[in-house]
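Enquirer: First, the structure itself, so that you have it in front of you.
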Amino acid sequence: MLANSLTNGCDCLGEIRYFDAVLTDSRGEVAVTKNAVCLHEEDFGVLWKHTDWRRDQVDVRRSRRLVLSFFTTVDNYEYGFYWYFYQDGTIQYEVKLTGILLAAALADQPKYGTLVAPEVNALNHQHFFAMRLDFDIDGCENQVYEVNSQAEPLGPENPYGNGWYAASTLLATEKAAQRQIDPLGGRYWKVVNPQKHNRLGQAVGFKLMPGDNIRPFAHPEAPIMQRAGFLAQHLWVTPYHPDENFPAGPYPNQHPGGEGLPKWTAGDRSLDNTDIVLWYVFGHHHIPRPEDWPVMPTAYSGFTLKPVGFFDQNPALDVPPSAPKSACHGA
Ligand SMILES: [Cu+2]
């Protein structure tokens, strides 16, 4: 209901298709937001390239991405929600944060915020997003693995000390699948269909690669951590259930705590080769800057889904070369 109508804006460029949003308002009446959703394509730099020095031959293809987006105004803040679809099979989700900071009057230097203008204190805060991703990789029955990179111990198997490998662990139950990010271990999570294989005999899959993320700085006892219990983990996985749609339950403002993901996963249901739903929680840590005032330049937060053995080889080989505007070399 907070989605902007993009009719008069300049939110998208180039070849655009708009879609209306048809919703019900707080009185149950039909409300139509014209042009709420935008679909367009845009250039995204180099898709792939190689220079063969011996033959003096350059092959390069430009990347185009399909963009599906909408923008909301939530009181002082704007949030843009963007799906990007790339020619190499990558799917990216990005939240764009902009608008006006929440600010208060202050005469002194603030401890819990930043002075962004004379006597204006912009408070430290965090924005959290929870995505419900109902995976079906080539069918309903999927598995989720956590992949961590590990260094081989020094020894006869690793005499030069530079051997390392990627270790996969099956997340077989709901409690085992409550996980945190680990950027230094290169941690990612992979959803596979063990029944379907690529030409190399590998289970087809997609991996979820965390982007910008943070832990909540509220204590576990804080009311927000009770009401929004899903904030305790970055990853949750549940078996599909038609009533489990919202991470804090269907009425997030009307329960004392514990609803949603913490309650559903208490039974520790099996996730092995079943119809799974993956929940990814990501936070944007916002220590305001004077440059965020009086209107904030867009900040970005999100994650990426990348095919892992889903295709037999680079699926973007068939992208045609761009027509050169003039001679490519030395022009
Ligand atoms: Cu913020």
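Enquirer: Any idea how many residues of segment 276-328 are out of contact with any Lys or Arg (no Cβ under 7 Å at 6 or more places or on another chain), of a type in the set (Asp, Glu) and either within 16 Å of the ligand (Cβ to nearest atom) or within 30 Å of Gly186 (Cβ to Cβ) (or both)?
Expert: Matching residues across segment 276-328 total 2.
Enquirer: While we're looking at this one, here's another question. At pLDDT 95 or above, of a type in the set (Val, Ile, Thr) and assigned to a strand (DSSP E or B), is that true of Val46?
Expert: In short, yes.
Enquirer: Does Phe311 satisfy being under 30 Å from Lys49 (Cα atoms), aromatic (Phe, Trp, Tyr) and surrounded by 13 or more Cβ atoms within 10 Å (Cβ to Cβ)?
Expert: Answer is yes for this residue.
Enquirer: Any residue in segment 284-302 that is closer than 19 Å to Met131 by Cβ sitting within a Cβ distance under 8 Å of a residue that is aliphatic (A, V, I, L, M) and not in a strand (DSSP E or B)? List the pairs, counting only those 6 or more apart or interchain.
Expert: Pairs found: His284/Ile214; His285/Ile214.
Enquirer: Is there any pair linking a residue in segment 11-25 that is farther than 18 Å from Glu42 by Cα to one that is exposed (fewer than 13 other Cβ atoms within 10 Å of the Cβ) and at pLDDT below 90, with Cβ under 6 Å and at least six apart or on different chains, and which?
Expert: Between residues of segment 11-25 that are farther than 18 Å from Glu42 by Cα and residues that are exposed (fewer than 13 other Cβ atoms within 10 Å of the Cβ) and at pLDDT below 90, the close pairs are Leu23/Met1.
Enquirer: Residues of segment 212-242 being more than 14 Å from Thr265 (Cβ to Cβ) and exposed (fewer than 15 other Cβ atoms within 10 Å of the Cβ), which ones?
Expert: Residues satisfying the conditions are Arg215, Phe217, Ala218, His219, Pro220, Glu221, Ala222, Pro223, Ile224, Pro242.
Enquirer: When segment 103-130 is examined, which residues are found to be surrounded by 15 or more Cβ atoms within 10 Å (Cβ to Cβ), more than 10 Å from the ligand (Cβ to nearest atom) and in a strand (DSSP E or B)?
Expert: Within segment 103-130, Ala103, Gly113, Thr114, Leu115, Val116, Val120, Asn121, Phe128, Phe129, Ala130 qualify.
Enquirer: A further question on this structure: Can Pro288 be described as touching a helix residue (DSSP H, G or I) at 6+ places or on another chain (Cβ under 7 Å), within 22 Å of Gly211 (Cα to Cα) and not in a strand (DSSP E or B)?
Expert: no
Enquirer: Suppose we keep only residues that are of a type in the set (A, V, I, L, M) and without any contact (Cβ under 8 Å) to a residue 60 or more places away in the chain within segment 63-98. Which one would you say is farthest from Val281 (Cα to Cα)?
Expert: Leu66
Enquirer: Only one residue in Asn245, Asn253, Asn273 is more than 16 Å from the ligand (Cβ to nearest atom) and either among the aromatic types (Phe, Trp, Tyr) or within 27 Å of Ala103 (Cα to Cα) (or both), so which one is that?
Expert: Being more than 16 Å from the ligand (Cβ to nearest atom) and either among the aromatic types (Phe, Trp, Tyr) or within 27 Å of Ala103 (Cα to Cα) (or both) holds for just one of Asn245, Asn253, Asn273, which is Asn253.
Okay, residues lined up against (1) part of a strand (DSSP E or B); (2) at pLDDT 95 or above; (3) more than 17 Å from Phe129 (Cα to Cα); (4) more than 16 Å from the ligand (Cβ to nearest atom):
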| site | (1), (2), (3), (4) |
| --- | --- |
| Arg55 | no, no, yes, yes |
| Ser63 | yes, yes, yes, yes |
| Val67 | yes, yes, yes, yes |
| Tyr79 | yes, yes, no, no |
| Tyr82 | yes, yes, no, yes |
| Tyr93 | yes, yes, no, yes |
| Lys96 | yes, yes, no, no |
| Leu101 | no, yes, yes, no |
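Enquirer: Residue by residue through segment 60-71, note down the ones that are more than 13 Å from Thr298 (Cα to Cα) and either of a type in the set (Lys, Arg) or surrounded by 15 or more Cβ atoms within 10 Å (Cβ to Cβ) (or both).
Expert: If the condition is that a residue be more than 13 Å from Thr298 (Cα to Cα) and either of a type in the set (Lys, Arg) or surrounded by 15 or more Cβ atoms within 10 Å (Cβ to Cβ) (or both), then Arg61, Arg62, Ser63, Arg64, Arg65, Val67, Leu68, Ser69, Phe70 are the ones that fit.
Enquirer: Determine, yes or no, whether Gln143 is outside any loop (DSSP other than H, G, I, E, B) and exposed (fewer than 14 other Cβ atoms within 10 Å of the Cβ).
Expert: No.
Enquirer: I've got another one for you. Using the structure shown, decide if Glu146 is charged (D, E, K, R) and modelled with pLDDT of 95 or more.
Expert: yes
The values are calculated or read from the model by the stated rules, or taken from the named source; none is laboratory data. None of these values were measured; they are calculated from a predicted model. Because the Cβ atoms are built from the backbone with ideal geometry, glycine has one as well, and the counts that use them run over all protein chains shown.
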